[in-house]
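Working notes, structure below.
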Amino acid sequence: MYILLILVVIILIYICYVYFVNQTDVIAEHFSPEQVEEPFDNFFVNVYNTVFDYPYLFTYDGKLIKKYAKPEHKILDAGTGVGRHYKVLYDSGCKNIIGVDMSGKMINKAKARCNGDFQVGDLMSDDLFKSDAFDVITCLQETIYHNNNDKIDRILKNFHRWLKKDGVLIMHIFNTDQLDPAPKDYSQYYTDNHGIKHSLTYFDGFIHDAWWDDGKYYQRVILEDGHNKVSTLNLNMIGKKELVEKIQKAGFKMKEVIDYRHLNITQYEMYVFSKS
């Protein structure tokens, strides 16, 4: 009797799974323009703030960065986003730090998180900061990948100019063959009818469905009332070797590479460069 009941439950779960996979294809193909959101509107900034929240990882990154960033140093957190790495450094004693992001909505969230120095700015702007302004520049997570190759070159050139002699650039560099759509360890996976791998993660009040396709990161947020919102991040997932060569060509020398395998993270490593 119990075996039969278990079999019935398994069959029902499988039917629900197949139904959801089929429905997600239908939903994705029939979004009206007003349902497709800009990646950094207020709604998706709040989603980002919830979904990609890793306090243990930000704290660990802060300890790594503190090897090079001292309280007396002037620091630029380039692409600060909602200010999570910024806050870790600020709370550890690095008060002379500026957080910059192109998104005003992200900066508003960062200001709510930490009473620091934040500004909306474009890292490609040559006159954003003076030459030799910083001891350390951090450019973490996927920040650099929001730019095409030409823009990356301009940003790296600015980083080099803004850093003092022997200044340090700290970046996360991705392994593009290890990209995983899942934001959490407990995320579940499924494959849609086009053979694309999705991650499905349940949060309080919504379901987060995400997938990579042709260098773009898609997010579908399924709300409790059944409405869906989709965001697309057009990222330039340049290969690790090519990006490192660009950084070195911009005038930087590699000092250290730190991997996260002990944390079961293989998508990226932390690279430390010095201005040469």
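Look at Asn158 and say whether it is among the polar types (S, T, N, Q), modelled with pLDDT of 95 or more, within 30 Å of Ala69 (Cβ to Cβ) and in contact with an Asp or Glu (Cβ under 7 Å, 6 or more places away or on another chain).
Yes: the conditions hold for Asn158.
Checking the structure you have, find out if any residue of the range 180-195 is touching a Leu at 6+ places or on another chain (Cβ under 6 Å) and among the polar types (S, T, N, Q).
yes
Kindly check whether there is at least one residue in the range 21-39 that is at pLDDT 95 or above, outside any strand (DSSP E or B) and touching an Asp or Glu at 6+ places or on another chain (Cβ under 8 Å).
No, because not a single residue in the range 21-39 is at pLDDT 95 or above, outside any strand (DSSP E or B) and touching an Asp or Glu at 6+ places or on another chain (Cβ under 8 Å).
Just give me the residues in the range 155-175 being out of contact with any strand residue (DSSP E or B) (no Cβ under 9 Å at 6 or more places or on another chain) and in contact (Cβ under 8 Å) with a residue 60 or more places away in the chain, in sequence order.
Across the range 155-175, the qualifying residue is only Lys157.
Do we find that Asn236 is out of contact with any strand residue (DSSP E or B) (no Cβ under 7 Å at 6 or more places or on another chain), surrounded by fewer than 19 Cβ atoms within 10 Å (Cβ to Cβ) and on the phi > 0 side of the Ramachandran plot in this structure?
no
Considering every residue within the range 41-51, establish whether at least one is free of Cβ contacts under 8 Å to residues at least 60 places away in the same chain, out of contact with any strand residue (DSSP E or B) (no Cβ under 6 Å at 6 or more places or on another chain) and crowded, with 17+ Cβ neighbours inside 10 Å.
yes
Out of (1) surrounded by fewer than 20 Cβ atoms within 10 Å (Cβ to Cβ); (2) more than 21 Å from the chain's Cα centre (by Cα), what's the single condition that is false for Gln119?
Failing condition for Gln119: (2).
Inside the range 195-237, can you point out the residues that are of a type in the set (A, V, I, L, M) and over 16 Å from Phe44 (Cα atoms)?
Ile196, Leu200, Leu235, Met237
Out of all the residues in the range 173-204, which are in contact with a helix residue (DSSP H, G or I) (Cβ under 9 Å, 6 or more places away or on another chain) and more than 30 Å from Glu245 (Cα to Cα)?
The answer is Lys184, Tyr190, Thr191, Asp192, Asn193, His194, His198, Leu200, Thr201, Phe203, Asp204.
Go through the range 136-167 and give me each residue that's over 13 Å from Ala78 (Cα atoms) and in a strand (DSSP E or B).
Passing the criteria: Lys164, Lys165, Asp166, Gly167.
Given the structure, is Asp126 of a type outside the set (A, V, I, L, M, F, W, C) and in a strand (DSSP E or B)?
Answer is no for this residue.
Just name the residue that is surrounded by the most Cβ atoms within 10 Å (Cβ to Cβ) out of those in the range 175-223 that are more than 19 Å from His146 (Cα to Cα) and charged (D, E, K, R).
Looking at the filtered set, the residue picked out is Asp209.
The values are calculated or read from the model by the stated rules, or taken from the named source; none is laboratory data. As the structure is a prediction and not an experimental result, all values here were calculated from the model. Cβ coordinates were reconstructed from backbone atoms using ideal geometry, including for glycine residues, and neighbour counts include every protein chain displayed.
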